[in-house]
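A quick write-up on the structure given underneath.
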Amino acid sequence: MSAPISNVRPPPDTLLTAIADYALSAPITSAEALDTARWCLADTLACGILALAYPACTKLLGPVVPGTTIQHGARVPGTRYELDPVQAAFNLGTIVRWLDFNDTWLAAEWGHPSDNLGAILSVADWLSRQQAAGATPAAFQSKIEILNSKITMHDVLVAMVKAHEIQGILALDNSFNRVGLDHVLLVRVASTAVVTAMLGGSREQVINAVSQAWLDGSALRTYRHAPNTGSRKSWAAGDATSRAVRLALISLTGEMGYPSVLTAKTWGFQDVSFKGKSVTLARPLGSYVMENILFKISFPAEFHAQTAVECALQLHPLVKNRLGEITRIELTTHESAIRIIDKTGPLNNPADRDHCLQYMTAIGLIFGNLTADHYEDSVAADPRIDALRAKMTVTEEKQYSQDYLDPDKRSIANAVQVFFADGSKTARVAVEYPIGHRRRRGDGIPLLQQKAQAAFAAHFGPAKSDRQMALFTDRAKLETMPVHEFVSQFTN
C-alpha cells in the first residue's frame, strides 16, 4: 500500500517569491533602462495607433457588451472607448501586437515584452482617473493609501522595465515553444506580477496572483505555425495581458494562491507542461532586458527576418529591373529563423505572410520597402512574389546560430545573394545586427521617433502629433505627469 499524500501546504516556490519581491520592492536606478522605456512607450503606442487602420483589428475592440461604458474607466488610445481595466487591457494589448511591429526579445524563448503595456497602462490610467475623481473602487476599500499616492508616468516606466525583465529573464533559459507552448504565457506572468504590485497588493497577494498566472497553463502555439497560422497570434497578447489584470483583481479580494504551482509532483506546471524540467531565472532580476530590447523600427517583420529584409533593401536597386532574369536566391540564416519562418507553399493570410522569411525577403527585393500593407491579399496576388519565393534556398550558417545565442552578441544575422541567368550575381549582402539592436541605438532612436511621429500624424493629424511627440522629449517632465493626463493626449 502506498503512503498517503502529505497535505502539508508547502512554502511558495522560490520563483514565485523572487518575482513578487522584485515586482514589489526592487529599485530601478538604471538611467539607460528608464530612458529606453520612454522610447519604448512611444514606439508601442505608435504600433497600436497604426493598427487602427485595419478593420480586422478594430472589429475586436470595444466593450464585451456593445454600448457599455465605465465611469472613470481606462481609455483606449486612438479610440473613444472608456472601459473597465480588464477589457481595456485586451483592447490595448491587441492593437499593440496586431501588426507585429512592437519590440522583440530573442532567447531560448522569444516574445514581445511591450505586450505588457496593455495591462500596465490600462490599470494605471484607470487608477489615475479614479484618483482624479476622488472615487474609491471596491477593490481598494482597504487600501485607501493607494488613492492618496498619485500614480504618474514614472510608475508606468518602472512597471514597463519590470515587466520586460520578468518576461525576458524567464525567456533566457526556458524554451516553452519547444514543448509547444506559446510565449504569451510569460506576458501573463509578468503583467500579473507588476499590475498586482501597482494596485497595492501585499507580498502574499502578489505571490498568489503570480501562482494563478502559472496555474492557467499556456495556449498552444498552433496559431503561429504552418499549416494553421492565423490572426489569433495578433490578439493572443491582448488576451494574456487582460487575463493578468483579471487575476490581479481576483487576488486583491484575498483569494488564495497555490504555493507549489510550479513544483508540485505530478500536478504542477513543470511536470504537466514542461516535461519535468525546472523553470528557472537565468540571472538576477534587474534592468537587463529593457537595456537590451530589440525594436522593430523600419518595417513590421517577424524579428528573425529583420536583417534579411535589410539585405533585400540594399539589393533592391541592383535587381528591381532584372527580376525576370533571376535564377536563384540564396538566403543564409540562423537556426531559429529556419525553425519558425522558413515556409514553402501557399500563404493564406497576412498572419501567414508576416511569418514567412521568403515572402518578406521577396517584398524587399521587389518593392524596396516593407509595410503592413504588403501582407494584404491585394499585394500578395502579385505573381512576382511567389516566383521569387520559388527560387529561394534557405541554409543555416552555424556561426550565425552560435552568435544568436551568445549573450554578449545576441546577433540576428541573415545574408542574401541573388544569381542571374547570364551567370552574373550580386555581392553576398550580410547584416548581423538589425537597426533596432542595442548596438545600433544611436542610429535607431531617431528612426524610432520618425516612426512614432508618422503613426501619430496619420491618425491624429500633424499638429496633435507634434504635441504628442513633445511629451517624450524631456523624461523628467514626462515622469511627473499624472497617467490620465498623458493618456488623454492619445484619445479621440
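Listing for the model above:
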read-out: Out of H374, H437, sole residue that is farther than 18 Å from L318 by Cβ, at pLDDT below 95 and not aliphatic (A, V, I, L, M); value: H437
read-out: Helices (runs of 4 or more DSSP H) (entirely within segment 441-487) containing at least 2 residues that are of a type in the set (S, T, N, Q), free of Cβ contacts under 8 Å to residues at least 24 places away in the same chain and under 24 Å from R80 (Cβ atoms); value: 462-470
read-out: Unmet criterion (only one of (1) surrounded by 21 or more Cβ atoms within 10 Å (Cβ to Cβ); (2) over 16 Å from R384 (Cα atoms); (3) at pLDDT 95 or above) for I329; value: (2)
read-out: Some residue of segment 174-187 being among the β-branched types (V, I, T) and within 20 Å of W235 (Cα to Cα); value: yes
read-out: Residue within segment 396-403 that is in contact (Cβ under 8 Å) with a residue 24 or more places away in the chain, farther than 21 Å from W105 by Cβ and within 28 Å of the chain's Cα centre (by Cα) present; value: yes
read-out: Output for segment 211-259, where each listed residue is farther than 23 Å from L99 by Cα, of a type in the set (F, W, Y) and outside any loop (DSSP other than H, G, I, E, B); value: W214
read-out: Selection within segment 286-317 - more than 15 Å from T371 (Cβ to Cβ) and assigned to a loop (DSSP other than H, G, I, E, B); value: G286, S287, I293, F295
read-out: Residue that is nearest to S122 (Cα to Cα), among those in segment 221-250 that are small (G, A, S) and surrounded by 22 or more Cβ atoms within 10 Å (Cβ to Cβ); value: S242
read-out: Unique match (being out of contact with any His (no Cβ under 6 Å at 6 or more places or on another chain), hydrophobic (A, V, I, L, M, F, W, C), free of Cβ contacts under 8 Å to residues at least 40 places away in the same chain and within 23 Å of H334 (Cα to Cα)) among A427, A415; value: A427
read-out: Options S211, S242, S231, S218; residue that is closer than 22 Å to F176 by Cβ and within 15 Å of the chain's Cα centre (by Cα); value: S242
read-out: Filter result for the condition that a residue is farther than 23 Å from L52 by Cα, touching a residue at least 40 places away in the same chain (Cβ under 8 Å), among the charged types (D, E, K, R) and in contact with a helix residue (DSSP H, G or I) (Cβ under 6 Å, 6 or more places away or on another chain), over R224, R246; value: R246
read-out: Condition met for I19 (assigned to a helix (DSSP H, G or I), touching a residue at least 24 places away in the same chain (Cβ under 8 Å) and under 23 Å from D103 (Cα atoms)); value: yes
read-out: Per-region count, segment 277-295, residues within 19 Å of the chain's Cα centre (by Cα) and without any contact (Cβ under 8 Å) to a residue 60 or more places away in the chain; value: 0
read-out: The one condition in (1) assigned to a helix (DSSP H, G or I); (2) in contact with a strand residue (DSSP E or B) (Cβ under 7 Å, 6 or more places away or on another chain); (3) not polar (S, T, N, Q) that V272 fails to fulfil; value: (2)
read-out: Residues of segment 411-437 classified as in contact with a strand residue (DSSP E or B) (Cβ under 8 Å, 6 or more places away or on another chain) and not hydrophobic (A, V, I, L, M, F, W, C), total; value: 8
read-out: Meets criteria (in a helix (DSSP H, G or I), within 25 Å of T280 (Cα to Cα) and without any contact (Cβ under 8 Å) to a residue 60 or more places away in the chain) for S191; value: no
read-out: Members of segment 22-32 that are in a helix (DSSP H, G or I), over 26 Å from A88 (Cα atoms) and not charged (D, E, K, R); value: S25, A31
read-out: Any hit, segment 431-440, residues being free of Cβ contacts under 8 Å to residues at least 24 places away in the same chain, small (G, A, S) and not in a strand (DSSP E or B); value: no
read-out: Count of segment 45-84 residues which are in a helix (DSSP H, G or I) and touching an Asp or Glu at 6+ places or on another chain (Cβ under 7 Å); value: 0
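Yes/no per residue for (1) touching a Phe, Trp or Tyr at 6+ places or on another chain (Cβ under 7 Å); (2) of a type in the set (A, V, I, L, M, F, W, C):
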| residue | (1), (2) |
| --- | --- |
| T280 | no, no |
| F303 | no, yes |
| L313 | no, yes |
| G324 | no, no |
| R328 | yes, no |
| I341 | no, yes |
| G345 | no, no |
| D352 | no, no |
| F367 | no, yes |
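The values are calculated or read from the model by the stated rules, or taken from the named source; none is laboratory data. None of these values were measured; they are calculated from a predicted model. All Cβ positions, even for glycine, are placed from backbone atoms using ideal geometry, and neighbour counts span all protein chains on display.
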